[in-house]
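Peer 1: I am attaching a structure below and will ask some questions about it afterwards.
Here, each number is a calculation from the coordinates, and none is a lab measurement. Keep in mind that this is a model prediction, so the values were computed, not measured. A quick note on method: Cβ atoms are made from the backbone with ideal geometry, for glycine too, and the neighbour counts reach across all protein chains shown.
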Amino acid sequence: MMQIVEILTKNFGPLMSALGVTIKLTVVSLFFATIIGVIFGMFKVSGKKLLKIIADIYIDIIRGTPLMVQVMIIYYGIGQMLRPLGFSWNDYGGSFAAAAVSLSLNAGAYMAEIIRGGIEAVEKGQMEAARSLGLSYGKSMRKIILPQAFRTMLPSIINQFIISLKDTSLVSVISVSELTKRGNIMTANAAGRAMAIWVTIALFYLVICTILSRVAKVLERKVSYGK
Amino acid sequence: MASKIVVKNLKKTFGHLEVLKDINMEVEEGEVVCLIGPSGSGKSTFLRCLNRLENITSGVVMVDGHMMSDKKINLNKIRENIGMVFQHFNLFPHLTVLENVTIAPVELKKMSKAEAKETAMKLLAKVGLEEKADAYPAQLSGGQKQRVAIARALAMNPDIMLFDEPTSALDPEMVGEVLEVMKQLAADGMTMVVVTHEMGFAREVADRVVFMDGGYIVEEGTPEEVFGHPKEERTISFLNKVL
C-alpha cells in the first residue's frame, strides 16, 4: 500500500499524461467506432444483399482475428506496404494514429453487431406503423426505430466502451505512451517493484471502468419512458 | 360513385405458400366493407396488400387511381392517404400520446407544429382521450391505445382507413369503446375496409360483408344477405361456429 502511494507520488506527472493518452485514445476510437458501427449495422438490416455481404465480411474478419494481430497489420503491415508510395505513419500522428485506426475498426465491428441487434429487437410493427403513415424508410429509422433501439443497445454499448478502454493496453506493443506502456517503462526503471507498479496501473483502469458502468446505470434509468 | 379501391386477380404467395389465390374486389367511396373468415384465410394479407405493406405476387391493386405495384409511384405520398390501424396498436412507445398523433403531419410537413397539435387535440377529443395527451402508451389500457392509434391514423386526414382486426387483442370490456369510434367514423362517410371477428359490428355497420376462406372470396353481399341467407356451404359452416 505504502509502495503504491510512493509510486503514485513519484510518477504523478508521467502517470497522468499516460492516463490522458489512454482516455484520448479511447474517446477517439469509440467516436469513429460508433460511426462505423451505425453504418455497418444499417447495412446489415437494410435487406440489400450486397450491403449485408460487405458488412458480414468486415465483421467476420475483425471478430476472427486477435486485436494484437490487427494492430500489427495496421501499424507495421500497412506502414511497410505503403512506404513506396511515400506513406509513413509518422506523418499522420505516428503509432497513436495507427492505434486509433486499429481500435476504431475493431470496436466498430462489435458496435455494428450491437446496433443490428438493437434494431432487430424493435418490434416489426413499429416500422410498419411508421411506413403506413407515409414516413420514408430513413425517417422511420431515425424517428421511430433508432430511438427505441438505442434504449436496448445502451448496456451493450457501454459494455463495449469498457472493453475498448481495456483493449487500449494492447497498443503498448507499438509504443503508444499510454498507461500500460508507462507501466513497462516504470518496471524497467525500478526492478523488484513489479507488483506495486502493476497494481497501480490496474487501479487506474479499474477506476475509469467503474465510473463508466455507474454512468451507464444512471443513463439506463433516464431513458426508460412512461413506466 | 367512384371506386376508391380496385383489386383484380390478386395473387400473393409467401415462398411456396399461396395465401391469396385470385381476389377481385372494388370498394366505393364512403363504403364500409367488412372482411370476415377463419384465421389463415388471407384477410389480413389482403388488407396489407392494399397499402403495399406486402408486395403482391401478381394482379392489380389500384387505390385512388394509383397502381400500387408500380415501382415509380410515390408510395409514401399515397400512404399518407391510407390510414391503417393494427391489431397490436403499434403505438410508438417512446413518444407521448400527443406526439404519436402529431409525428406524421409534422415530419411530413403537412402542418406546422401548432396546427398539428390543434388537430391532434381535436382528434383525441373525438376518440375521448384528450386528457391523456401527455401520457405515454405504456400508461394506457388496450382500448385507449387503439383509440389513440385511430387518432394517429386520422391525423393525416386520409380518404381511406384500413383496420386489421382492431379489437382482437383487446379485453372484452374494451371492445365496445373502439367499435364506437369506428361506427362514428363510418357515419362520417369514411371509406373503410375492416378485417374483423366482430360479427355484430359487421352486421350493424358494414355496407358489404365479404367472407374469405382459403385465399378466395367465397361469398359477399349486404350483411342481411351474408348473415341472413348465406348461400355457400363454407359460409354457413363458418357462421354456425362463430354466431
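Peer 1: Quick one: how many residues across region B:113-142 are more than 29 Å from B:R52 (Cβ to Cβ) and not charged (D, E, K, R)?
Peer 2: Here the count works out to 12.
Peer 1: Within region A:172-227, which residues are part of a helix (DSSP H, G or I) and within 14 Å of chain B (Cβ to nearest Cβ)?
Peer 2: Within region A:172-227, A:K222 is the sole residue that qualifies.
Peer 1: Which residue, of B:A155, B:A135, is within 14 Å of another protein chain (Cβ to nearest Cβ) and either free of Cβ contacts under 8 Å to residues at least 24 places away in the same chain or surrounded by fewer than 18 Cβ atoms within 10 Å (Cβ to Cβ) (or both)?
Peer 2: Answer to the selection: B:A135.
Peer 1: Restricting to region B:104-119, name every residue that is buried (at least 17 other Cβ atoms within 10 Å of the Cβ), in contact (Cβ under 8 Å) with a residue 12 or more places away in the chain and within 13 Å of chain A (Cβ to nearest Cβ).
Peer 2: Matches in region B:104-119: B:A104, B:P105, B:L108, B:A116.
Peer 1: Now for a separate question. Anything in region A:76-109 that is part of a helix (DSSP H, G or I) and of a type in the set (S, T, N, Q)? List them, or say none.
Peer 2: Of everything in region A:76-109, those that are part of a helix (DSSP H, G or I) and of a type in the set (S, T, N, Q) turn out to be A:Q80, A:N90, A:S95, A:S102, A:S104, A:N106.
Peer 1: Can you give me the number of residues within region A:136-171 that are among the charged types (D, E, K, R), surrounded by fewer than 17 Cβ atoms within 10 Å (Cβ to Cβ) and away from every other protein chain (no Cβ under 14 Å)?
Peer 2: Summing the residues that are among the charged types (D, E, K, R), surrounded by fewer than 17 Cβ atoms within 10 Å (Cβ to Cβ) and away from every other protein chain (no Cβ under 14 Å) in region A:136-171 gives 1.
Peer 1: Further question on the same structure: Any idea which of A:M111, A:M68 is crowded, with 20+ Cβ neighbours inside 10 Å and within 17 Å of the chain's Cα centre (by Cα)?
Peer 2: Details: A:M68 fails: crowded, with 20+ Cβ neighbours inside 10 Å.
Within the list A:M111, A:M68, the selection yields A:M111.
Peer 1: Taking the condition of being of a type in the set (A, V, I, L, M, F, W, C) and touching an Asp or Glu at 6+ places or on another chain (Cβ under 7 Å), how many residues in region B:185-237 meet it?
Peer 2: Residues flagged as of a type in the set (A, V, I, L, M, F, W, C) and touching an Asp or Glu at 6+ places or on another chain (Cβ under 7 Å) within region B:185-237 amount to 6.
Peer 1: Here's something else I'd like to know. Return the residue satisfying two criteria in turn: it lies in region B:32-41 and is in contact with a Lys or Arg (Cβ under 9 Å, 6 or more places away or on another chain) and surrounded by 21 or more Cβ atoms within 10 Å (Cβ to Cβ), and of such residues it is farthest from B:M62 (Cα to Cα).
Peer 2: B:G37
Peer 1: Go through the residues of region B:60-81 one by one and say whether even a single one is in a loop (DSSP other than H, G, I, E, B), in contact with a Gly (Cβ under 7 Å, 6 or more places away or on another chain) and either within 14 Å of another protein chain (Cβ to nearest Cβ) or among the acidic types (D, E) (or both).
Peer 2: Within region B:60-81 (the criterion being in a loop (DSSP other than H, G, I, E, B), in contact with a Gly (Cβ under 7 Å, 6 or more places away or on another chain) and either within 14 Å of another protein chain (Cβ to nearest Cβ) or among the acidic types (D, E) (or both)), the answer is yes, since at least one residue qualifies.
Peer 1: Within region B:123-132, track down each residue that is crowded, with 19+ Cβ neighbours inside 10 Å, part of a helix (DSSP H, G or I) and under 20 Å from the mean Cα position of the chain (by Cα).
Peer 2: B:L123, B:L124, listed by residue number.
Peer 1: From the list A:L50, A:L133, exactly one residue is within 14 Å of chain B (Cβ to nearest Cβ) and out of contact with any Cys (no Cβ under 6 Å at 6 or more places or on another chain). Which is it?
Peer 2: Going through A:L50, A:L133 in turn, just one is within 14 Å of chain B (Cβ to nearest Cβ) and out of contact with any Cys (no Cβ under 6 Å at 6 or more places or on another chain): A:L133.
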